[in-house]
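Please read the structure below before turning to the comments.
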Amino acid sequence: MQDLIRIMRILRSDEGCPWDREQTHQSIRKNLIEETYEVCEAIDTEDAELLKEELGDVLLQVVFHTQMEQEQGTFDFDDVCTGICQKLILRHPHIFSDVEVNNSADVLRNWDAIKKKEKGQESFTQTLQGVSKALPALMRSTKVQQRAARAGFDYPDAAWAMKDLRSEVEELSEAITEHDKAHCTEELGDLLFSAVNVARFIGTDAEESLSLACEKFISRFEKVEALANEQGVDMKTSSINELDKLWKKAKKLATD
């Protein structure tokens, strides 16, 4: 770890790398996001060797950002480590203190209560506002809904959530007929938010579900294109009815 910190210090020095010296938090912000997603991909593919590499890339980003702050005299890597150590100890009083818990649900309740106190959040609204705006929208929606539910603001079951989803579909349809783009944008947002709510009630992750849907679409599109090539069909000039027949055939092949 000390070697990595020293290497980054050298790269950022006057005698170091011109590119590394030029970077700011803003310029490499996207790098941290990209490296994190690559870690997720390594986890999904169950590739331990790749996971080791990608975790190193994420760690590099942590050290990179920390070095920038150390240069400004605000904090260093020891401060970062101290902060997370203190957080873990404070938020696990059932391990490091005398609090008793019966299950994971108790652990999460304690965690949320301690976090709320640490951040000085005195209302449920503040806990909703505390959800990072930089999160992917589906993930942020899930977290906002979960926190609202802890305040007692929630549907009793999935049937209610589905009823709300159908209502939002109707409202979006009405907005489309009005040819009002702003209204359509608003209603589409409500529809997606309601879909996330359904996902929460049926115990699935909206972000993961949409990712799976993307993979399924790509797989079926590949079959449609292969069928089109076999039949000498030009996809660009074919009617939607012709393409729909190919899609249904590809879908049937996928389920057989």
**Fill in**
extent check for the range 168-245: Cα max minus min per principal axis, descending, whole Å, gives 42, 35, 16
**Message:** I need to check one value: relative contact order of the range 138-244, counting alpha carbon pairs closer than 8 Å and at least 6 residues apart, in percent.
**Reply:** 28 percent
**Item:** Solvent-accessible heavy-atom area per residue, rounded to whole Å², over the range 14-88 at 1.4 Å
**Value:** 68 Å²
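Translational diffusion coefficient, Stokes-Einstein: compute it for the range 90-189 using the Kirkwood radius over C-alpha pairs as Rh, at 37 °C and 0.692 mPa s, and state it as an integer in µm² s⁻¹.
Details: Rh = 16.5 Å.
For these conditions, the coefficient is 199 µm²/s.
Counting only protein heavy atoms, what percent of the accessible surface of the range 166-256 is carbon or sulfur at a 1.4 Å probe?
Values: 3720 of 6630 Å².
C and S atoms contribute 56 percent here.
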**Fill in**
If R0 = 22 Å, then ASP154 and VAL101, at their Cβ-Cβ distance, give a FRET efficiency to the nearest 0.05 of 0.40
**Request:** Considering the convex hull of the alpha carbon atoms of the range 124-256, report its projected area averaged over all viewing directions, in nm², one decimal.
**Result:** 11.1 nm²
**Asked** If you line up the long axis of helix 2-11 against the longest principal axis of the chain, both from Cα atoms, how many degrees apart are they, to the nearest 10?
**Response** 80 degrees
**Asked** Rounded to the nearest whole Å³, what is the per residue volume of the convex hull around the Cα atoms of the range 78-140?
**Response** 124 Å³
**Fill in**
When the charge dipole of the range 118-256 is computed with +1 at the Cβ of Lys and Arg and -1 at the Cβ of Asp and Glu, the Cα pointing farthest to the positive end, of PRO136, LEU165, SER238, is that of PRO136
**Request:** Starting from the Cα-Cα distance between ALA137 and ARG29, subtract it from 0.36 nm times their residue separation and give me the gain in nm to one decimal.
**Result:** 37.1 nm
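Find the eigenvalues of the gyration tensor of the Cα atoms of the range 110-152, then list the square roots of 5 times those eigenvalues as equivalent ellipsoid semi-axes, largest first, in whole angstrom.
Values: eigenvalues 62, 27, 16 Å².
Computed over the range 110-152, the values are 18, 12, 9 Å.
Per residue Cα convex hull volume for the range 62-105, in cubic angstrom? Mind showing how you got there, number by number?
Working: hull volume 3.7 nm³, N = 44.
Residue-normalised Cα hull volume stands at 84 Å³.
Within 10 Å of each candidate Cβ there may be at most 15 other Cβ atoms; applying that plus a DSSP loop requirement, which trypsin sites (Lys or Arg not before Pro) in the range 42-121 survive? Mind dumping the intermediate values first?
Details: sites: LYS52, LYS87, ARG91, ARG109, LYS115, LYS116, LYS117, LYS119; in loops: ARG91, LYS119.
When the trypsin sites (Lys or Arg not before Pro) of the range 42-121 are filtered for loop state and at most 15 Cβ neighbours within 10 Å, LYS119 remain.
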**Prompt:** Going by the alpha-carbon gyration tensor, a ≥ b ≥ c the square roots of its eigenvalues, is the range 1-110 rounded (a/c under 1.5) or, if a/c is not under 1.5, prolate (a/b greater than b/c) versus oblate?
**Reply:** oblate
**Prompt:** Hey, what do the phi angles of the range 58-74 turn into as Karplus ³J(HN,Hα) couplings, whole Hz, using 6.51/-1.76/1.60 and θ = phi - 60°, x for Gly and Pro?
**Reply:** 5, 4, 4, 4, 4, 5, 4, 5, 5, 4, 4, 6, 4, 5, 8, x, 8
**Value of relative contact order over the chain, rounded to a whole percent, pairs C-alpha under 8 Å and six or more apart** = 9 percent
**Request:** Determine the share of the range 54-144's accessible area contributed by carbon and sulfur atoms, expressed in whole percent, with a 1.4 angstrom probe.
**Result:** 56 percent
**Stokes-Einstein D for the chain, Kirkwood Rh over Cα pairs, 20 °C, 1.002 mPa s (µm²/s)** = 92 µm²/s
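If each DSSP helix of 4+ residues adds -39,500 (n - 2.57) and the sum is divided by the residues in the chain, what number results at 222 nm, nearest 500 deg cm²/dmol? Can you show the working numbers first?
Working: 13 runs with 192 residues, N = 256.
The helix-only estimate for the chain comes to -24500 deg cm²/dmol at 222 nm.
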**Message:** So if a site counts as exposed when it's one of the GluC sites (Glu not before Pro), its DSSP state isn't H, G, I, E or B, and it has at most 12 other Cβ atoms within 10 Å, what's the longest stretch of the chain without one?
**Reply:** 123-256
**Prompt:** By how many degrees, between 0 and 90 and to the nearest 10, does the Cα long axis of helix 137-150 differ from the longest principal axis of the chain?
**Reply:** 70 degrees
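The values are calculated or read from the model by the stated rules, or taken from the named source; none is laboratory data. Predicted model only: the values in this text are computed from it and were never measured. Counting neighbours? That spans all protein chains shown, and the Cβs are built from the backbone with ideal geometry, glycine included. SASA here: full protein model, heavy atoms, side chains in, ligands and nucleic acids out. Shrake-Rupley method; radii C 1.70, N 1.55, O 1.52, S 1.80 Å.
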